[in-house]
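So the structure is just underneath, and the comments pick up after that.
The values are calculated or read from the model by the stated rules, or taken from the named source; none is laboratory data. None of the values given here were measured: they were computed from a predicted structure. Cβ placement follows ideal geometry from the backbone for every residue including glycine, while neighbour counts extend to all protein chains displayed.
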Amino acid sequence: MSTSLHPHPLRLGVNIDHVATIRNARGGDHPDPVRAAEIVARCGGDGITAHLREDRRHIRDEDLARIQAATNLPLNLEMAATPEMLEIALRHAPHAACIVPEKREERTTEGGLDAAGLHNTLVPIVDELKGAGIRVSLFIEATERQLDAALKLGVPVVEFHTGEYAHAILDGDAERTSSELKRIADMAALAAKNGIEPHAGHGLTYENVQPIAAIPQLAELNIGHYLIGEAVFTGLEAAVLKMRDLMDDAR
Ligand code: PXP
């Protein structure tokens, strides 16, 4: 078991949104995502990730300050590229902000941000976040076009969307699984070569995390839905520790 509290070469950011989803289902205060953040901090998670959606379906505005006050872990705020979210990010000054695409009708973040097509919209947002000392990341598909756009925007971090890889495994499609994996590995290497720190996330589980965790340039994985689901059965601490061990064993 590798449960040290030292910084990990591959960090685990735990997305606690879905604790808030369960809370919001009854409109009260329980279960509190802040309590989840405290557990993640105690058991060796490296960061807390939270997506403040336009419709506030899980994390709410007041949760952000409470999460920041409750732990010393870096907060990675996932946000749409809108003036409202920019203002909130600047006010809360999280450690990092990951710009994600957001469609109101989607169940989850279904694809990467079109950083190439949205260049002009993203320039002022990226610049303001960077100016405030916030580490900006773009949640993109692992393609050269999007990585190129990230380079042009001067972001220090990209997070590659692993949803297609996760789907290929669920479909039992070995060929697509290996081509998706190669795409992510190639783009992680290209990002690192160009001075951008690559992260990855979306749809990662105990079953599919290791080939992704084995990509040597990746510095962080952000994992939410599966961990919170597992926590129902094993508790959040056990779920985080097991994911941590699988990630470490893959390196
Ligand atoms: N990273 C980003 C940028 C995301 O938008 C999400 C989902 O909100 C995740 C990681 C976590 O994905 P999942 O909940 O499928 O683990």
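Observations, loosely collected:
- Selected residue [closer than 28 Å to residue 229 by Cβ, small (Gly, Ala, Ser) and out of contact with any Phe, Trp or Tyr (no Cβ under 9 Å at 6 or more places or on another chain)] from 201, 172: 172
- Of the criteria (1) farther than 19 Å from residue 46 by Cα; (2) small (Gly, Ala, Ser); (3) in contact with a Gly (Cβ under 6 Å, 6 or more places away or on another chain), which one residue 203 fails: (1)
- Among the residues of the stretch 187-214, the ones that are more than 17 Å from residue 169 (Cα to Cα) and outside any strand (DSSP E or B) come to 10 in all.
- Yes/no for residue 150 being touching a Gly at 6+ places or on another chain (Cβ under 8 Å) and either at pLDDT 95 or above or within 16 Å of the ligand (Cβ to nearest atom) (or both): no
A quick yes/no check of all residues on (1) acidic (Asp, Glu); (2) away from the ligand (no atom under 16 Å from the Cβ):
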site: 188; (1), (2): no, no
site: 200; (1), (2): no, no
site: 221; (1), (2): no, no
site: 230; (1), (2): yes, no
site: 236; (1), (2): no, no
site: 244; (1), (2): no, no
site: 247; (1), (2): no, no
site: 251; (1), (2): no, yes
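- Matching residues, the stretch 202-216, being more than 14 Å from the ligand (Cβ to nearest atom) and buried (at least 16 other Cβ atoms within 10 Å of the Cβ): 211, 215
- The set of residues in the stretch 142-172 that are part of a loop (DSSP other than H, G, I, E, B) and either over 13 Å from the mean Cα position of the chain (by Cα) or small (Gly, Ala, Ser) (or both) comprises 142, 143, 154, 155, 156, 171, 172.
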